[in-house]
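So the structure is just underneath, and the comments pick up after that.
Coordinate-derived values only; no laboratory data. For clarity, every value in this text was computed on a predicted model and none was experimentally measured. With ideal geometry, Cβ positions are generated from the backbone for all residues, glycine too; neighbour counts draw on all protein chains shown.
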Amino acid sequence: MNFLYGVIVIWNDTTLRIKQVWEESCREMISMAYIPTCTCGLEGVHSRNPESGHPQGRSLDMRSKDVPFHLRMPLLHHAQQKFGSDYLVLLEDDHYHIQRQHDSFGRPAATPKSVEV
Ligand SMILES: [Zn+2]
């Protein structure tokens, strides 16, 4: 995995799982040679959505613009299935937002429908 300059990641069970499952998904759906790029970690300022989970270390964003267009939604669905219902994968304009739906302290996050980044 590559990291955009300036991205700050705290490694915990959630972010390590996001990294592992996303890398596996990309290998399975795109190619063995594809290296995903993390574009946002802790430093994400999603002021409109305090439940995005970035400041709490339970979300990472991944670049989508280098994913072949016809594979963007299949990759999302493939990854979502691998993550299971504890995690949420969204395709935004130029990135995937991946978050654990509950924060590190066990408090429930907002319902997935209200999540935006
Ligand atoms: Zn995000």
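Annotations for the structure displayed:
- About its Cα centre, the dipole of segment 21-89 is roughly 160 debye, where the only charges are +1 on Lys and Arg Cβ and -1 on Asp and Glu Cβ.
- Cut-off 12 Å between beta-carbons: net charge of the residues surrounding residue 82, Lys and Arg +1, Asp and Glu -1: -2
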